[in-house]
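Peer 1: The structure is given below, and queries will be raised subsequently.
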Amino acid sequence: MKKLNREAKIFVNGKLAGILSELRGGKNQLVVFQYEEDYLKGGLPIGSSFPLTSALFEWDKLPPFFENLASEGWLRKMQSEREGIENEDTLGLLLANGAELIGTLSIIPYER
């Protein structure tokens, strides 16, 4: 059985677009994104591979779209060391630093 590990609110230009969730069960992982119903009424897709739909988007690991939002090189290393996050933990780095992404998206930890 997979249990919720971490969640993030995905914002587009300050408006909540959806929730990104990471679920784990042993060594197995499931990553899920779902648009918020209010956002579906007038928002734009967060990316070309994310058409506006109420259906879940599911992957067995963080998809390239989100992977590519994380810092690279020396900045990634610095953020990793500063936050005490493994360099390979892209979701962790996005949760710690996603409020300051370049562009229209922001990624904020979601704590229920």
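Each reported figure results from applying straightforward, stated rules to the coordinates on display, with no laboratory input. Everything numeric in this text was worked out from a predicted model, so none of it was measured. Cβ placement follows ideal geometry from the backbone for every residue including glycine, while neighbour counts extend to all protein chains displayed.
Peer 1: Across the range 19-29, in residue order, what do the Karplus-derived ³J(HN,Hα) couplings come to in whole Hz, using 6.51 cos²θ - 1.76 cosθ + 1.60 with θ = phi - 60° and x for Gly and Pro?
Peer 2: Values, residue by residue: 10, 9, 10, 10, 10, 10, x, x, 8, 7, 9 Hz.
Peer 1: Lys77: which aspartates and glutamates have alpha carbons under 12 Å from its alpha carbon, excluding same-chain residues fewer than 8 sequence positions away?
Peer 2: Filter leaves Glu86, Glu88, Asp89.
Peer 1: Turning to a different aspect of this structure: HN-Hα J couplings of the range 40-56 from phi, Karplus 6.51/-1.76/1.60, θ = phi - 60°, integer Hz, Gly and Pro as x?
Peer 2: In residue order, the calculated couplings are 4, 6, x, x, 9, x, 6, x, 5, 8, 10, x, 5, 7, 7, 5, 6 Hz.
Peer 1: By a straight-distance test (C-alpha under 16 Å), which lysines pair with Lys61 as possible cross-link partners, with residues fewer than eight away in the same chain excluded?
Peer 2: Lys2, Lys3, Lys27
Peer 1: Taking other Cβ within 10 Å of each residue's Cβ, how do Trp59, Trp74 sort, fewest first?
Peer 2: Trp74, Trp59
Peer 1: I've got another one for you. Which GluC sites (Glu not before Pro) from the range 1-65 combine a DSSP loop assignment with at most 16 other Cβ atoms within 10 Å? All intermediate terms of the calculation are to be shown ahead of the outcome.
Peer 2: Values: sites: Glu7, Glu22, Glu36, Glu37, Glu58; in loops: Glu36.
Sparse-neighbourhood loop GluC sites (Glu not before Pro): Glu36.
Peer 1: Can I ask one more? Run the dipole for the chain about the Cα centre, Lys and Arg Cβ at +1, Asp and Glu Cβ at -1, nothing else charged, and hand back the magnitude in debye, nearest 20.
Peer 2: Details: 13 positive and 16 negative charges, 37 e Å.
With Lys and Arg at +1 and Asp and Glu at -1, about 180 debye.
Peer 1: Using each residue's phi in the range 65-82, evaluate 6.51 cos²θ - 1.76 cosθ + 1.60 at θ = phi - 60° and report the 3J(HN,Hα) Karplus result to the nearest Hz, with x for Gly and Pro.
Peer 2: After applying 6.51 cos²θ - 1.76 cosθ + 1.60, I find 3, 7, 3, 6, 7, 6, 5, 10, x, 5, 5, 4, 4, 5, 4, 4, 5, 5 Hz.
Peer 1: Run the dipole for the range 72-112 about the Cα centre, Lys and Arg Cβ at +1, Asp and Glu Cβ at -1, nothing else charged, and hand back the magnitude in debye, nearest 20.
Peer 2: Here the range 72-112 has a charge dipole of around 100 debye.
Peer 1: So what is the relative contact order for the chain, in percent, with contacts set as C-alpha pairs under 8 Å and at least six apart?
Peer 2: It comes to 27 percent, rounded to a whole number.
Peer 1: Can you classify the range 1-87 as rounded, prolate or oblate using the Cα gyration tensor, where a ≥ b ≥ c are the square roots of its eigenvalues, rounded means a/c under 1.5, and otherwise it's prolate if a/b beats b/c and oblate if not? Write out the running numbers ahead of the final one.
Peer 2: Working: a/c = 2.17, a/b = 1.33, b/c = 1.64.
Because a/c hits 1.5 or more and a/b fails to exceed b/c, the range 1-87 counts as oblate.
Peer 1: Now for a separate question. Would you grab the residues whose amide H sits under 5 Å from the one on Leu101? Only those 5+ places off in sequence or on another chain, please, with H modelled 1.01 Å from N.
Peer 2: Ile107
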